[in-house]
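Working notes, structure below.
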Amino acid sequence: TPASFVFNGLLSFILRENDPRAKILRERFVFKLVPLVNPDGVFNGHYRADTLGVNLNRTYLSATQERQPTIWGIVQALHQMHTRDELKFYVDLHAHANK
């Protein structure tokens, strides 16, 4: 998907050993990257919906550990980082893919 290209480009950039911009970013920030939050849905051919047919992009405020475990885990991690004043920036990469 288009978001995969953006994610891979970001990852490639921040891992460049000889790029001074990437080096500065790595020295100043800790990056937490989650490459795929919907592995079961993607396995079944869905981009947004999980195996229950739920659009995971709409569950961040109501996710439960039982029904949307990946979203629930991300939200818990974000809350912990925010509470410790470690969260400086959050980006959710996703896109629509049309034929």
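The values are calculated or read from the model by the stated rules, or taken from the named source; none is laboratory data. Note that the coordinates shown come from a computational prediction; the quantities given were computed from them, not determined experimentally. All Cβ positions, glycine included, derive from the backbone under ideal geometry; neighbour counts span all protein chains shown. In case anyone asks, the SASA skips ligands and DNA or RNA and just uses the protein heavy atoms, side chains included. Shrake-Rupley method; radii C 1.70, N 1.55, O 1.52, S 1.80 Å.
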- Message: With the structure loaded, tell me whether Phe89 is surrounded by 11 or more Cβ atoms within 10 Å (Cβ to Cβ) and under 13 Å from the mean Cα position of the chain (by Cα) or whether it fails that test.
- Response: no
- Given the conditions (1) open to solvent by 80 Å² or more (accessible area, probe 1.4 Å); (2) touching a residue at least 12 places away in the same chain (Cβ under 8 Å); (3) more than 24 Å from Pro2 (Cα to Cα), and given that His94 satisfies all but one, which numbered condition is not satisfied? (3)
- Please work out which residue is nearest to Asn38 (Cα to Cα), limiting yourself to region 63-86 and to residues that are open to solvent by less than 60 Å² (accessible area, probe 1.4 Å) and part of a loop (DSSP other than H, G, I, E, B). Gln68
- Please give the number of the condition Lys23 fails out of (1) open to solvent by 80 Å² or more (accessible area, probe 1.4 Å); (2) part of a helix (DSSP H, G or I); (3) touching a residue at least 12 places away in the same chain (Cβ under 8 Å). (3)
- Query: Counting only residues that are more than 15 Å from the chain's Cα centre (by Cα), in a loop (DSSP other than H, G, I, E, B) and surrounded by 14 or more Cβ atoms within 10 Å (Cβ to Cβ), how many does region 32-62 have?
  - Reply: 3
